């Protein structure tokens, strides 16, 4: 063996470490990609995949992906794609009564994309009484597309602080503080009981305004413990809907919302003004 090409033990160790580093780097790139691919609903699905995903009760994320793809077809400028979506409409209605909150929420949004379907209209009316406030909100907003203002009160409430109740009694342990921005599912605290701790997760997005009871207090099931101010996105959707279905006494709610928020984005302030003008025009 040529001594100039022979690898020394030290060189062999360095080469093995290089392979280890390259393999780790590969997995550091691959794993986020696989996670992104599994959670991104924009990836196109074939007809067969949509049908398969809709029936996959063991994986609600796949069902959500399929619902999102159906909505994309419903909103497509291509008449053929829009027509293809109709074959799954009965399944969309079924998922509107799913025990999974995420599926009912997504189905409520999907059904708003085609206001010509009576079955969608009827299902949305039922979702106004859903146990999840986000499902209620999506249903109320979708009903506006049906020229139905049945969800008016739900839409107005989107501009008001949300007082969050607890699902169980015990000792309150606060995790976040006023001013913290939260999303649906954010862990804001726990309810400590004798043998377990019950997680307290917010059902709506927004900003923590204040705790309604002191940290460490004893609370009972159903008691409201946290005040959450509206998120900009929720306010935006509410104002756009009220532009179409708002009533004269809603102007006071809009003004109170604007006064309570000192750093609202310009587009929301503009929409608030446009909405009030539209309401006044309908109610001289």
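Could you figure out which of (1) within 17 Å of the chain's Cα centre (by Cα); (2) surrounded by 21 or more Cβ atoms within 10 Å (Cβ to Cβ); (3) closer than 17 Å to residue 51 by Cβ isn't true of residue 105?
(3)
Can residue 233 be described as surrounded by fewer than 19 Cβ atoms within 10 Å (Cβ to Cβ), free of Cβ contacts under 8 Å to residues at least 40 places away in the same chain and under 30 Å from residue 274 (Cβ atoms)?
Here the answer is yes, as residue 233 does meet what is asked.
For the structure I just gave you, tell me whether residue 175 is in contact (Cβ under 8 Å) with a residue 60 or more places away in the chain and surrounded by fewer than 15 Cβ atoms within 10 Å (Cβ to Cβ).
Spelling it out, it is not the case that residue 175 is in contact (Cβ under 8 Å) with a residue 60 or more places away in the chain and surrounded by fewer than 15 Cβ atoms within 10 Å (Cβ to Cβ).
Any residue in the stretch 41-57 that is modelled with pLDDT of 90 or more sitting within a Cβ distance under 7 Å of a residue that is not in a helix (DSSP H, G or I)? List the pairs, counting only those 6 or more apart or interchain.
Final answer for the pair search is 53/45.
Would you say residue 274 is at pLDDT 95 or above, part of a helix (DSSP H, G or I) and not assigned by TED's automatic domain parsing to the domain that holds residue 138?
In short, yes.
Would you confirm, using the coordinates I've provided, whether residue 80 is part of a helix (DSSP H, G or I), without any contact (Cβ under 8 Å) to a residue 12 or more places away in the chain and in the same structural domain as residue 53 (by TED's automatic domain parsing)?
yes
Test residue 132 against the criterion of being surrounded by fewer than 20 Cβ atoms within 10 Å (Cβ to Cβ), closer than 29 Å to residue 232 by Cβ and not assigned by TED's automatic domain parsing to the domain that holds residue 205, and give yes or no.
When the stated conditions are applied, residue 132 passes them.
Kindly indicate whether residue 113 is assigned to a loop (DSSP other than H, G, I, E, B) and either more than 20 Å from the chain's Cα centre (by Cα) or surrounded by 22 or more Cβ atoms within 10 Å (Cβ to Cβ) (or both). Walk me through it before giving the result.
Details: assigned to a loop (DSSP other than H, G, I, E, B): yes; either more than 20 Å from the chain's Cα centre (by Cα) or surrounded by 22 or more Cβ atoms within 10 Å (Cβ to Cβ) (or both): no.
It is false that residue 113 is assigned to a loop (DSSP other than H, G, I, E, B) and either more than 20 Å from the chain's Cα centre (by Cα) or surrounded by 22 or more Cβ atoms within 10 Å (Cβ to Cβ) (or both).
What number of residues in the stretch 41-55 are closer than 17 Å to residue 102 by Cβ and surrounded by 14 or more Cβ atoms within 10 Å (Cβ to Cβ)?
3
The values are calculated or read from the model by the stated rules, or taken from the named source; none is laboratory data. As the structure is a prediction and not an experimental result, all values here were calculated from the model. So basically every Cβ, Gly included, is an ideal-geometry build from the backbone, and we count neighbours across all protein chains shown.
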